[in-house]
Each structure stands twice: as structure tokens, then as C-alpha cells.
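K.L.:
Just passing along the structure, written as C-alpha cells.
The values are calculated or read from the model by the stated rules, or taken from the named source; none is laboratory data. Keep in mind that this is a model prediction, so the values were computed, not measured. Virtual Cβ from ideal backbone geometry, glycine too; neighbours counted across all protein chains shown.
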Amino acid sequence: MGAIANGVSPEAIARQLNREGIPDPGGRPWRNTTIRGQYRRGTGLINNEAYVGRLAWNRCRYIKDPKTGKRVARPNPPEKWIIVEVPSSRIIDDDLWSCVKTRQAEIRALVEQRRAAKRQMAESRVLAGLKDKLLEPNRIDLFIREVQTEAMRTRRLPPTGAAWNASSTRKSKPSSDTSASPRGRSRRPPSSST
């Protein structure tokens, strides 16, 4: 934990432990995910609250994926967690724990900034491409024709052009049949009982 608090990455720690021949808790070579885990699920060494004397249950539930048939972990909301204080299991102090958590929050913030920057760069590239390539008049005309054709095919939008203008200006005559239903079909007169 001290190495993480001092800025050493989980990847560097895993490499060092593997060089020294120290296996992970499962007897396998170390990976950075064994150390950093998943923050929201509370997995990994730096998220294990047992080190500060807290045991947590019900952090996640398992469901069966209908497509693959495999069990998939889903995190439970924090209000469903069961947390018990066990001071006898504490092996690190609160100061070191808070340093590690602060470092972890800094790393998460950097990752989010990088994701946002990548997204902004991708969006600006797409918008530049739209501006440069798709805003040419002949491509806009082609696009409009394709949208109109598809709309007429699926009957989602009214057709355009002279035929539409002529049909929309005609007025239908009101029906003189008072027995016509709202759907245009004649209603049967009520039957009289004799």
C-alpha cells in the first residue's frame, strides 16, 4: 500500500513481485488488476477494506447471462451492502488508507480526462468531416432525395412535390348520411324487439 501511496503504479508493483517470484493470492503471476481491482465492486488489494478492519458482504450479485449461460457479477447499490467493523483484522492505519484512496481518485480523474479528450477529438473530427464532405450542395440534394424516397416508402412522412400540393388543396364533401360512423361505415339501426 505504501508504494501505491508514493505514486508507484499497480503495473510496476506487479512486475516487481513477478521478478521476485512471489505468486499472487491465487498462486498465479501478479497482474495490475490483482492490485488495483475494480473500484466500484471493491475488488483488488487497494480496495479491500479488510486491511482497515472492515468486512463487507453483498457488494455484488450474480446473474446468469442468457446468451452465454455464464454467471456475471453485477454490483449492488451501497445501501444493500452489509459492513461489519472488525478491528482485530486491521493491518494498515487510516492515514495510509486515505493516501491510497486519494491517489486512486487522482488516477480515476486522469483517466476520465483522457477519455473526455479522446471523445472531444473524435467529435471534432466527425464534425469537420461532415462540414468538409457532406455539406456540398450535390450531396445535400442526394441526401434529401433519399430521405424523401424512404419516407414515401415507409409512409412516415407525406410525399412532396406537385402531386402532394394538388391533393392537399382538395376539400372533401361532408357526408349527408347521418348514420355514418366515424370510420365511414354505415351503422346498423338498432334492432327493435317485438
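K.L.:
In this structure, is Gly2 touching a Ser or Thr at 6+ places or on another chain (Cβ under 7 Å) and either within 15 Å of Thr102 (Cα to Cα) or not polar (S, T, N, Q) (or both)?
P.N.:
no
K.L.:
Here is a follow-up. If you take the residues in the stretch 80-134 that are assigned by TED's automatic domain parsing to the domain that holds Arg54 and under 26 Å from the mean Cα position of the chain (by Cα), which one is surrounded by the most Cβ atoms within 10 Å (Cβ to Cβ)?
P.N.:
Among those that are assigned by TED's automatic domain parsing to the domain that holds Arg54 and under 26 Å from the mean Cα position of the chain (by Cα), it is Trp81.
K.L.:
Can you pull out every residue in the stretch 18-30 that is assigned to a helix (DSSP H, G or I) and either of a type in the set (A, V, I, L, M) or under 25 Å from Ala56 (Cα atoms) (or both)?
P.N.:
The answer is none; no residue qualifies.
K.L.:
Would you check which residues across the stretch 62-108 are over 14 Å from Ala50 (Cα atoms), part of a strand (DSSP E or B) and touching a residue at least 24 places away in the same chain (Cβ under 8 Å) and list them?
P.N.:
Matches in the stretch 62-108: Ala73, Pro75.
K.L.:
Quick check on the stretch 152-161: of everything there that is surrounded by 10 or more Cβ atoms within 10 Å (Cβ to Cβ) and at pLDDT below 80, which residue is nearest to Gly37 (Cα to Cα)?
P.N.:
Step by step, filter the stretch 152-161, then rank; the result is Leu157.
K.L.:
Confirm whether Thr33 is modelled with pLDDT of 85 or more and closer than 20 Å to Cys60 by Cβ.
P.N.:
So Thr33 fits the description; yes.
K.L.:
Does Ala56 fit the bill of being touching a Gly at 6+ places or on another chain (Cβ under 9 Å) and either surrounded by 15 or more Cβ atoms within 10 Å (Cβ to Cβ) or assigned to a strand (DSSP E or B) (or both)?
P.N.:
yes
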